[in-house]
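These notes are about the structure you will find just below.
The values are calculated or read from the model by the stated rules, or taken from the named source; none is laboratory data. Worth saying up front: this structure is predicted, and the values here are computed from it rather than measured. With ideal geometry, Cβ positions are generated from the backbone for all residues, glycine too; neighbour counts draw on all protein chains shown. Quick note on the areas: whole protein, heavy atoms, side chains included, nothing else; ligands and nucleic acids left out. Shrake-Rupley method; radii C 1.70, N 1.55, O 1.52, S 1.80 Å.
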Number of protein chains: 2
Amino acid sequence: MTDMNRRNAVLLALLAPFAMSAAAQAPQPASTMTMPDMGPEMNNVHWEGNEQIAMLMYPGMTVMDLIGPQSMFGALMGAKIHLVAKTLEPVTSDAGVTIVPTATFDTCPRDLTVLFTPGGTDGTLAAASDPATLAFMRDRGGRAKYVTSVCSGSLILGAAGLLAGYKATSHWSVRHVLAEYGAIPIEARVVRDRNRVTGAGVTAGLDFGLMMLAELRDRTYAECTQLVSEYDPEPPFNAGSLKTAPPAVRKAMEELLAGFTRQAETLAATQAHGTPAA
Amino acid sequence: MTDMNRRNAVLLALLAPFAMSAAAQAPQPASTMTMPDMGPEMNNVHWEGNEQIAMLMYPGMTVMDLIGPQSMFGALMGAKIHLVAKTLEPVTSDAGVTIVPTATFDTCPRDLTVLFTPGGTDGTLAAASDPATLAFMRDRGGRAKYVTSVCSGSLILGAAGLLAGYKATSHWSVRHVLAEYGAIPIEARVVRDRNRVTGAGVTAGLDFGLMMLAELRDRTYAECTQLVSEYDPEPPFNAGSLKTAPPAVRKAMEELLAGFTRQAETLAATQAHGTPAA
């Protein structure tokens, strides 16, 4: 009975954000608990952990790059998620969402399970040029078990010297720029090379997040989170990649982002060689 | 030339968050602008608008329910997005992300293009029981062009009397509860019935958001946003719905959420009939 009750309590605490109310507001005496017959698969799941996860925040970040993965990491019972910025002043994203940090570069734990950075455009190039940000990423990234990003956040990893010799991906508009930092750009939704895990643009953070849950715990844990997140996508249109978007849409968006692409190329070339590429 | 320059400026401002840096940091004289041949499809796109979009925030909301749609609405050039809460005090989500509101129930515009609410668990039931929140939703919802939600947020719409006689959906754990509020529960990713648009659980907010962009502007605008968001999902596992999840995963998560489901049933029955269902 002890094991069964404990397992039930663990299940109730699993996916903590979503489950919190069920666990906190509807406590039931052990005698009336209805234990599901969960089968052997559920007995071996690593429900409990103690990961230290640091997610970088900076002005102009794309908030969806942050929240996609955070919504998956948030289901890791026992994990601690630190939203880290230079100071505790609220940080405003590119689309105007202002989030309060929970840690600074100084107070963030030194030894991390996961170091993560979101992407963006101008804000990301500013962060990738900022000595304090790069020093923080270099320091924590040197010891973290996993060094990760979504979208153009991989430019920050690259600028911090954390991708040299690694396969990596990024938003389609700047993926090729990673080569300036010594990385091997790969066209894929999520790329893992040893302990570097990078996701493609914006919404790839959901796929990245689920892969990280499976890596940090196990596949069943990730599947449980996928079901509670109802991640059963049905994009109403088929324009999510350069390969599938209508040509006119592709052309317009490549043009739209051409300035950002050029700025990223210039920054990376300057950081890598001291001069912009010809 | 004026039309072409104007069109280019509009394109640069499109998807404002992502494009901001390109437009702001790399201004080029008109004479050096390289205009793409975008074809007739792009000339008819409704690049500019003036939507007023109010997104409810409350303690314990699921932040991904909010940010998925916000990341799509954020691409609407000319639109104003209001993150609305009872007060301007920062609001903490179920998974510990704290966001600063931009408007209160009092300062939120009275006439909205879109009224939206995210879901959650305990926080959602609290919001669905809160007279001030329900009064706000009822008032703005009575005049809004679109009344919308993602995940269990539809419980709040239901409690405010905004779904009576409408087809609607919700998170799988509480979809059936909508019937207590006079709605017709539908199992679908996004359900539209006249001006009510409701999404399924959590990540359905991305599909919901893209459908809303197509509704508010046009399909091409939504496709442009989909490409910039790189919304080309590749879930690493196939457990995102009750139909596809492994049976053990389904059983465990149904058990995990059973307490929440029961609380939602009780609340809805009490609000609908004055007494809990037998």
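Straight-line reach from B:LYS145: which lysines have Cα under 25 Å away, leaving out those fewer than 8 places along the same chain?
B:LYS145 reaches B:LYS80, B:LYS86, B:LYS167.
How much net charge surrounds A:GLY142 when only the other residues with a Cβ under 12 Å from the Cβ of A:GLY142 are counted, with Lys and Arg +1 and Asp and Glu -1? Display every interim value, and only then the final one.
Values: positive: A:ARG110, A:ARG138, A:ARG140, A:ARG143, A:LYS145; negative: A:ASP111, A:ASP139.
Summing Lys/Arg as +1 and Asp/Glu as -1 gives +3.
Tally Lys/Arg at +1 and Asp/Glu at -1 over every other residue whose Cβ is under 15 Å from the Cβ of B:VAL100; what's the total?
For residues surrounding B:VAL100, the net value is -1.
Ordered by packing density, taken as the mean number of other Cβ atoms within 10 Å over each peptide's residues, highest first, how do B:202-208, A:233-239 rank?
B:202-208, A:233-239
In debye to the nearest 20, how big a dipole does the range A:52-232 give about its Cα centre with +1 on each Lys and Arg Cβ and -1 on each Asp and Glu Cβ?
Result for the range A:52-232 is approximately 560 debye, rounded to the nearest 20.
Under 10 Å from the Cβ of B:ALA168, count the other residues' Cβ atoms, weight Lys and Arg +1, Asp and Glu -1, and hand me the total.
Result for the local shell: +3.
Compute from the Cα atoms of the range A:148-248 the Rg and the Dmax, the latter being the longest Cα-Cα distance, and quote both in angstrom.
14.5, 43
Give me a single rounded figure for A:241-247: the average over its residues of other chain Cβ atoms within 10 Å of their Cβ.
Averaged over the peptide's residues, the number is 4.
Which order do peptides B:66-77, A:92-103, B:136-147 fall in by mean Cβ count within 10 Å, highest first?
B:66-77, A:92-103, B:136-147
For the range A:115-131, what does the Karplus curve 6.51 cos²θ - 1.76 cosθ + 1.60, with θ = phi - 60°, yield as ³J(HN,Hα) per residue in whole Hz, taken in order and with x for Gly and Pro?
For the range A:115-131, the Karplus curve yields 10, 9, 9, x, x, x, 10, 4, x, 5, 5, 5, 5, 6, 10, 8, x Hz.
Cα-Cα pairs above 19 Å in the range B:193-248: how many percent?
42
DSSP beta bridges in the range A:52-232, what fraction antiparallel, as a percent rounded to 5?
25
To the nearest 100 Å², how much accessible surface do chains B and A hide from each other in total, with a 1.4 Å probe?
7800
Quick one: if you stick a label point 7 Å off each Cα along the C-beta vector at A:GLU234 and B:ALA188, how many nm between them?
0.7
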